[in-house]
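Engineer: This is the structure I have questions about; it appears just below.
The values are calculated or read from the model by the stated rules, or taken from the named source; none is laboratory data. Predicted model only: the values in this text are computed from it and were never measured. When we count neighbours, we look across all protein chains shown, and the Cβ atoms used for this are built from the backbone with ideal geometry, even at glycine. Remember, those area values only see protein heavy atoms, side chains included, never the ligands or the DNA or RNA. Shrake-Rupley method; radii C 1.70, N 1.55, O 1.52, S 1.80 Å.
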Amino acid sequence: MFTIEFGRFLDQADSAAQPDQLFDLLAAFALNFDIPWVAYGPLAADRWAFKRVKYDPQVVLNYPDEWQKRCSEMAYDRVGPVVKESRKQRRAFQWSEVYNDVYTTEGERRIFDEAAAFGLRSGITVPLHGPDGSFAITSFAQHSSGQFQNRAISYLQLAALHFHSRVGKFADSNCIDEGAVLSGRERECIAWVARGKSSSDIGTILGISKNTVDFHIKNVMRKLDTASRTVAAITAATLGIIEL
């Protein structure tokens, strides 16, 4: 069954027209292994900083909103134990391996314990090291605390590699300006900002939480290098990214 589903994922991913659609396909494939949460994003080769890599892949994830907020506040998405281990590994690894490692600190274990309190009790992470020094990771998380079977890890690693490759091709072919490539959801959110809607209003219109709306708008502000959501909306309209 997994072989058939993986083949279907490859076929559909190669036909995906937008990065958001591609992420939805990856998330749907992960559900075959009872994995509801997926996160993907680039990091710099430098130990502490984010970086725009050659093809500027975007951060995309469907983690619980409150856990996203906590990770952002505490910078777990940059310096947490999963990121630290990913810098050393070339293979997919289970979070339990890191948790039980003698070199993992008590503070790092507390981050895993926090994640479990938000429902993310086990996971695997796939490091994605590029030949040009680029670096991204894909993580898969689930409710249960059991171990992942080797077969599941192999399929998820292959799916993450294919997703990463396709994201790079999207960005290479669709770049308007380096750092200014917005996802479909980011364009939706900033377009509603341009129409004068608040984050709460946008969340109601799009069927997502206010925190998720704010997350996407902050991404737009970062990508367009603007200090406010209003200026970001004006810039997006000026560049032709959205229509008013």
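Engineer: Using only the alpha carbons of the stretch 179-229, what is the convex hull's orientation-averaged projected area in square nanometres? Working shown, then result.
Structural biologist: Values: hull surface 12.2 nm².
The orientation-averaged projected area of the Cα hull of the stretch 179-229 comes to 3.1 nm².
Engineer: With +1 on each Lys and Arg Cβ and -1 on each Asp and Glu Cβ, how big is the dipole of the chain about its Cα centre, in debye rounded to the nearest 20?
Structural biologist: Using Cβ point charges on Lys, Arg, Asp and Glu, the chain gives about 300 debye.
Engineer: Ignoring ligands, DNA and RNA, what percent of the 1.4 Å accessible area of the chain is carbon and sulfur?
Structural biologist: Here it works out to 52 percent.
Engineer: Here is a follow-up. Specify the residue with the greatest mean-square fluctuation among Y40, Y63, Y103, computed from a Gaussian network of the chain linking alpha-carbon atoms under 10 Å apart.
Structural biologist: Most flexible of the set in this elastic network: Y103.
Engineer: For the charge dipole of the chain, defined by +1 on Lys and Arg C-beta atoms and -1 on Asp and Glu C-beta atoms about the Cα centroid, which residue among F163, L25, A13 has the Cα displaced farthest towards the positive pole?
Structural biologist: Towards the positive end, the residue furthest out is F163.
Engineer: Residue by residue, what Karplus-based ³J(HN,Hα) values in Hz, rounded to whole numbers, does the stretch 16-25 have, using 6.51, -1.76 and 1.60 with θ = phi - 60° and x for Gly and Pro?
Structural biologist: 3J(HN,Hα) across the stretch 16-25, in whole Hz: 4, 9, 9, x, 4, 5, 5, 5, 4, 5.
Engineer: Projected onto the charge dipole of the chain (+1 at Lys/Arg Cβ, -1 at Asp/Glu Cβ, origin at the Cα centre), which of I234, Q142, S200 gives the Cα projection farthest towards the positive end?
Structural biologist: I234
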